Structures are given as structure tokens and as C-alpha cells.
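Read through the structure below, which is laid out as C-alpha cells, and then see the notes.
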Amino acid sequence: MPGMFIDVVVEASAARDRVIAKKLEEFCPVGIFDASGEKLRVVEENLDECVLCDLCIEAAPNGAVTVRKLYQQTREEETRGSDA
């Protein structure tokens with residue numbers, strides 16, 4: 001389940017790659033990634049601590065990590081809904 005404001009999605013192949021997983025865990029300043037298991041885990045209770053630094057996006061292969069700003073989607077959906 002995503003946080004209230006932020007969701008982070010990691011491609012399955014990147015989550016299984018031990019090197020990428022460890023790098024993501026090390027680079028994230030707020031502990032969103034846990035590489036202690038067989039594959040990378042997104043620590044859901046830390047999602048809203050994200051400071052939007054983009055270090056995870058820079059540390060992973062292109063497109064392997066997506067940071068979704070849920071609060072922008074809500075505003076866009078509300079705006080679209082008011083036009084109808």
C-alpha cells in the first residue's frame with residue numbers, strides 16, 4: 001500500500017538484483033529500501049518520509065525506480081472531475 005503522499009515502485013528485475021538493491025538501500029537518506037531479504041523491499045511505513053531527492057532514481061538503471069507524487073494525482077483528478 002502506498003503512503004499518503006508518495007509511492008515508490010521498483011521494477012521486479014531491479015528488486016531481485018542484489019547490487020542494485022544494496023545501492024538503493026545505501027543511497028536513500030530516509031530508509032525507504034530494505035535489501036536484507038532475497039529481494040529489495042519498499043518499507044511502506046517510510047514512504048511519506050521521502051524528501052524527493054531523486055538519489056534512488058539516479059542510483060538505479062533508467063526507469064527501474066519510479067517515485068509517484070500521489071498528492072499531484074489527487075489535485076489533477078479533482079480538477080478533471082470539476083470540468084465534467
Consider residue 43 carefully, then state whether it is touching a Phe, Trp or Tyr at 6+ places or on another chain (Cβ under 8 Å), free of Cβ contacts under 8 Å to residues at least 24 places away in the same chain and β-branched (Val, Ile, Thr). yes
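With the structure loaded, tell me whether residue 44 is surrounded by 13 or more Cβ atoms within 10 Å (Cβ to Cβ) and within 11 Å of the chain's Cα centre (by Cα) or whether it fails that test.
The answer is yes for residue 44.
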So which residues in segment 42-67 are part of a loop (DSSP other than H, G, I, E, B) and acidic (Asp, Glu), if there are any at all? 54
Tell me yes or no: at least one residue of segment 29-41 is under 10 Å from the mean Cα position of the chain (by Cα), surrounded by 15 or more Cβ atoms within 10 Å (Cβ to Cβ) and in a helix (DSSP H, G or I). no
Enumeration of residues in segment 12-26 that are surrounded by fewer than 16 Cβ atoms within 10 Å (Cβ to Cβ) and within 19 Å of residue 63 (Cβ to Cβ): 12, 13, 16, 19
Pairing a residue in segment 47-72 that is loosely packed, with under 15 Cβ neighbours inside 10 Å with any residue that is basic (Lys, Arg) and at pLDDT below 95, where Cβ atoms lie under 9 Å and the two sit 6 or more apart in sequence or on different chains, gives 52/69
Looking at segment 1-28 only, could you name the residues that are farther than 22 Å from residue 69 by Cα and part of a loop (DSSP other than H, G, I, E, B)? 17
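The values are calculated or read from the model by the stated rules, or taken from the named source; none is laboratory data. Everything numeric in this text was worked out from a predicted model, so none of it was measured. Quick reminder, even Gly has a Cβ in these numbers, built from the backbone with ideal geometry, and neighbours come from all protein chains shown.
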